[in-house]
């Protein structure tokens, strides 16, 4: 436990020392807030609140896909990683540290989105809804953390960077994150429930407003979690097998 | 007390056998040098002993247990061949981070002082010179007050002064009762530090002896002569024939000449040249020994071997 905190601290320290990495993950959702949400639905409290929830989901997704997908792949390429395995600790503290640091970075990346929403739009949430949304962030971080880990452990760092970039936008778009809850274009309405982003964003919408979750989206989110956990687990063990058998 | 051991340890990477039934006992307080050309299996043996890799067959032990179990790694320290430090962390932070894994680490200031890093504590490791990084990587092996350290080519990339300082630190650790297993390309380094030398070649232990005995390799001479057929003579190694010229290595060229003359073989163009220790060592590790006897000096073999290029030298 103490060691997991030590690992968390140093993971965060490494991230914070490259400030652009911190800025980067919050950049796209924040810019989307400023360009799309503020001018088009900023005056409508309900629409602005849903749009903010969408952007929060977007930020959670992109932060986790990038920080784990690229971060893990890069770490695997460094000799420091095998060195740490010679220290008298199992893989658990490092893994726990990585996840805790990842969650911290996720929450940090949400701050600008929430600030823009509060200052420049009519989006409003009650205190209980805010807490519910905070809890939902942790829940929806799970599938995207697993996705990032799967990418990071399965691919070399250059490939991981490309895949992370290729994957995140279609997921956001296809899941209907860039549209109001009930007015996505037809083809998106058709595919969205089968993407993990949809279940995630619907949970967020339900947390901050009066939104009825589509059971298909939720079931598919569960399926995604199971599948991504299996892929991430497989990639992790395969990586161990390749390098540490 | 045996602190680390390999018992018929074999490690294969796909088709390639990197380590082939290696036996090694490391006793407390020893300073052992592991010598061999690139690709001989030195790093693989080290990786097995520190729990980074698993044996394909055979067994490795650390303080009587499985090195893959973290508990048995509490009393060791490791410097891997490649340095790789997190570039954004400061020297002091890296030391504190590694310290946190050990029950009774050496205070940061003492470690910095021992390895001449005191002025660098506040620097990010990404900004250090290659030699400074290497010194830090070696220092990290000693953070946990280990009883046994594994140093994989510790002084690679260091200038003469830095190398001597590092040797001094290693000697000090050994003088305080520490056990050291270090690999090196530099024969000078092994001679300077080690009491016992294990020579690896193509994944096998070719010799396991005192520094003195291995130093006798320096008495090896390269002989070339033209002779129709060479009789079996003692102390001859690495025989090869190229364009009618026979070349061989012998550990005692005087005795070789006496034996050659006594054998009555017609020969001409006899040349005897000294070899460097490195040459002798490479020739002996690449020329597959035909006897099961691993001892290098004085081994008898008459087999003709075509001298292949060193695997990866």
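When you look at residue B:60, is it crowded, with 19+ Cβ neighbours inside 10 Å and either more than 7 Å from chain A (Cβ to nearest Cβ) or farther than 22 Å from residue B:134 by Cα (or both), yes or no? So that I can check it myself, show each step before the final result.
Numbers: crowded, with 19+ Cβ neighbours inside 10 Å: yes; either more than 7 Å from chain A (Cβ to nearest Cβ) or farther than 22 Å from residue B:134 by Cα (or both): yes.
Yes: the conditions hold for residue B:60.
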inquiry  = Going residue by residue through the range B:43-52, is there one that turns out to be in contact (Cβ under 8 Å) with a residue 40 or more places away in the chain, in contact with a helix residue (DSSP H, G or I) (Cβ under 6 Å, 6 or more places away or on another chain), in a loop (DSSP other than H, G, I, E, B) and closer than 27 Å to residue B:191 by Cα?
reply    = no
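Being without any contact (Cβ under 8 Å) to a residue 60 or more places away in the chain and within 12 Å of another protein chain (Cβ to nearest Cβ) is true for just one of B:78, B:94, B:160. Which residue is that? Steps first, please.
On the way: B:78 fails: without any contact (Cβ under 8 Å) to a residue 60 or more places away in the chain; B:160 fails: within 12 Å of another protein chain (Cβ to nearest Cβ).
The unique qualifying residue is B:94.
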task = Could you run through the range B:147-157 and say how many residues are in contact with a strand residue (DSSP E or B) (Cβ under 8 Å, 6 or more places away or on another chain) and free of Cβ contacts under 8 Å to residues at least 40 places away in the same chain?
result = 1
request  = Taking only the range A:97-121 into account, find how many residues are farther than 14 Å from residue A:145 by Cβ and assigned to a helix (DSSP H, G or I).
outcome  = 12
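Please note which helices (runs of 4 or more DSSP H) are completely contained in the range A:139-217 and include at least 1 residues that are surrounded by 20 or more Cβ atoms within 10 Å (Cβ to Cβ) and modelled with pLDDT of 90 or more.
On the way: elements: A:157-174, A:186-191, A:196-208.
Per the criteria, A:157-174, A:196-208.
Quick one: would you say residue A:76 is away from chain B (no Cβ under 11 Å), modelled with pLDDT under 90 and within 30 Å of residue B:139 (Cβ to Cβ)?
On the way: away from chain B (no Cβ under 11 Å): yes; modelled with pLDDT under 90: yes; within 30 Å of residue B:139 (Cβ to Cβ): yes.
Judged against the criteria, residue A:76 is a match.
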task = Only one of these is surrounded by fewer than 18 Cβ atoms within 10 Å (Cβ to Cβ) and within 14 Å of another protein chain (Cβ to nearest Cβ): B:116, B:144, B:84. Name it.
result = B:84
inquiry  = Please go through the range A:1-35 and give me each residue that is within 25 Å of residue A:56 (Cβ to Cβ), surrounded by 18 or more Cβ atoms within 10 Å (Cβ to Cβ) and within 9 Å of another protein chain (Cβ to nearest Cβ), ordered by number.
reply    = A:15
query = Right, residue B:60: touching a strand residue (DSSP E or B) at 6+ places or on another chain (Cβ under 8 Å) and assigned by TED's automatic domain parsing to the domain that holds residue B:177 or not?
reply = yes
Single residue of B:161, B:155 found to be crowded, with 24+ Cβ neighbours inside 10 Å and either out of contact with any helix residue (DSSP H, G or I) (no Cβ under 9 Å at 6 or more places or on another chain) or under 25 Å from residue B:39 (Cβ atoms) (or both) = B:155
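The values are calculated or read from the model by the stated rules, or taken from the named source; none is laboratory data. Quick caveat: nothing in here was measured; it's all calculated off a predicted structure. A quick note on method: Cβ atoms are made from the backbone with ideal geometry, for glycine too, and the neighbour counts reach across all protein chains shown.
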